[in-house]
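The values are calculated or read from the model by the stated rules, or taken from the named source; none is laboratory data. Quantities reported herein were computed from a predicted structural model and do not represent experimental measurements. Heads up, the Cβs are rebuilt from the backbone with ideal geometry, glycines too, and the neighbour counts pull from every protein chain shown. We work out accessible area using only protein heavy atoms, side chains counted, and drop any ligands, DNA or RNA first. Shrake-Rupley method; radii C 1.70, N 1.55, O 1.52, S 1.80 Å.
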Amino acid sequence: MEKVLIYSPISEEGTIKLEDRFTVVTAVPGSEEFNREIVTATGLIGSSLKVNEALLERAPLLKVVSNISVGYDNLDIEELTKRGILATNTPDVLTETTADTIFGLLLATARRSRNSTSMSKKETGLGN
């Protein structure tokens, strides 16, 4: 059975789905266990780990790297492509949350602006 190495927390549901099809190992990058398991892993899942030539040299069986984040700047795409390793990420996972946050900030700013205007008018004697 192929092995997936999880190096940062993912959902319990995601782990269970992986365990149905793969041997799943969880290890912290840099640990002895991670260094041992990367050698036989065919899949790598996590976020923020620099997946570069040095790491890939230690992972000869790797077929896919799944970045559980929007970005992929930690992945050496050129090196992954050269080795035929698929790279994935999670685009748009934060789109709605970001929009909600921005809208909330706009509302808060607009409301605070009204308060500031009222306070300024009172302090300068220009208002009611």
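Summary table
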item	result
Residues of the range 26-43 that turn out to be closer than 16 Å to Val64 by Cα and more than 19 Å from the chain's Cα centre (by Cα), as a count	6
Residues of the range 9-59 classified as modelled with pLDDT of 95 or more, open to solvent by less than 60 Å² (accessible area, probe 1.4 Å), among the small types (Gly, Ala, Ser) and outside any strand (DSSP E or B), total	4
Count - residues of the range 65-113 that are among the polar types (S, T, N, Q), within 17 Å of the chain's Cα centre (by Cα), part of a helix (DSSP H, G or I) and modelled with pLDDT of 95 or more	0
Single unsatisfied condition, Asp76 versus (1) without any contact (Cβ under 8 Å) to a residue 24 or more places away in the chain; (2) farther than 18 Å from Pro9 by Cβ	(1)
